[in-house]
Amino acid sequence: MAKETRKVRRAQERSQDSGSARPDLRQPLRLDQPDIPDPLAPAALKSTLIRVGLILGALWLLGVLVFGVSQSTWVRTTALVVPAVLSALVIGVLVWTLQRAKTAREMAGILRGVETTEDRRAAIEKLEQTGKKNDPAAVFARAQLEMQEDPKKALETLEQIDLGKVARPLADEARAQRALLPLPLGPVRLARQLVDNIDLKRHQDSRTRAMMAAIAAEAWARSGDPTRGIETLDVFDLEDEQLAALRPQLLRAYAFGYAHAARGKDLKRVLRSMLKIDVRLLGGFMQGKAHPLLQKEAKKMLEQSGMLPRKMQVQRMR
């Protein structure tokens, strides 16, 4: 009896000593969005113009060479018309891309520095004032603001984007964002339907591709296909500095994949990596509809780290 009492007393003392520094496991960790390179920055814009210039230069060089050696009027005409048409198409795509980039940068500026409820309300008012509330970039921005307080409302906002009428890469991003919300809310099958239509090969930016891969991998794992999710994640290097902001999300997807695949050793390794980043990443598995093995291992690791006090059983004297 005295021994058990001393254990309880020491546990209470440790709790009092570290209670002020212990993070609230019920408070979800707010993950920072990765910084997307600004395509309108001087260096990026110069690089884009050089690549476009080289493509157009090669088209015209080939056309001029064919025009110079051919004796056929039809061939010579075609040799000049084809580069002209392709040049118009390339320039049109470039102008459209730069306009999209300008809008995206404007939306990013509105979102920058938003932390409190008042900040979010002010940002939503700014979005309304831009007159671009139906623009996909503005819809994404508004949904991101609404996600903090009302995920269901954010999902309704994202559903305003007609996936059949926007560019395929943009439709993929919309699918990923819409799939992210049902994962904690359920049912997972809704997220699975969305991610099954995402083509990661369409996306050149590694951060955008990694973000969508993490969402898709979690949805696949939790809907019965963990192997597909793990194989998708294995393509990315978690030590890549460009993916630093997405590392928690990638590790979370790995955790679900390993849990559903019953790979306990790999699961423990991933949970240890998450614990080093922030204990609240593991606390998130203690809530919602996590896999039983994942909940068990997360709880055990939190208890071993001292972040989650063990329940002490005191033997009573008979």
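Each label was represented as a point 7 Å from its Cα along the Cα-to-Cβ direction; for K102 and E231 these points are 4.4 nm apart.
At full extension, I91 and L49 could sit 14.1 nm farther apart than now, given 0.36 nm per residue minus the alpha carbon distance. Think of a 1.4 Å ball rolled over the protein heavy atoms: the range 57-207 then has 61 Å² of accessible area per residue. With Cα atoms defining each centre, the range 116-157 and the range 211-275 are spaced 29 Å apart in the structure.
Taking other residues whose beta carbon is less than 11 angstrom from the beta carbon of L163, and scoring Lys, Arg as +1 and Asp, Glu as -1, yields 0.
Protection proxy ranking of 77-84, 91-98, by the mean of other Cβ atoms within 10 Å over each peptide's residues and highest first, is 77-84, 91-98.
Gain on full extension, evaluated as 0.36 nm per residue between M286 and D119 minus their Cα-Cα distance, stands at 57.1 nm.
The values are calculated or read from the model by the stated rules, or taken from the named source; none is laboratory data. Remember, it's a predicted structure, so these values are computed and weren't measured experimentally. For neighbour counting, all protein chains shown are included, and Cβ atoms are generated from backbone atoms with ideal geometry for every residue, glycine included. Note: areas computed on protein heavy atoms with side chains; ligands, DNA, RNA excluded. Shrake-Rupley method; radii C 1.70, N 1.55, O 1.52, S 1.80 Å.
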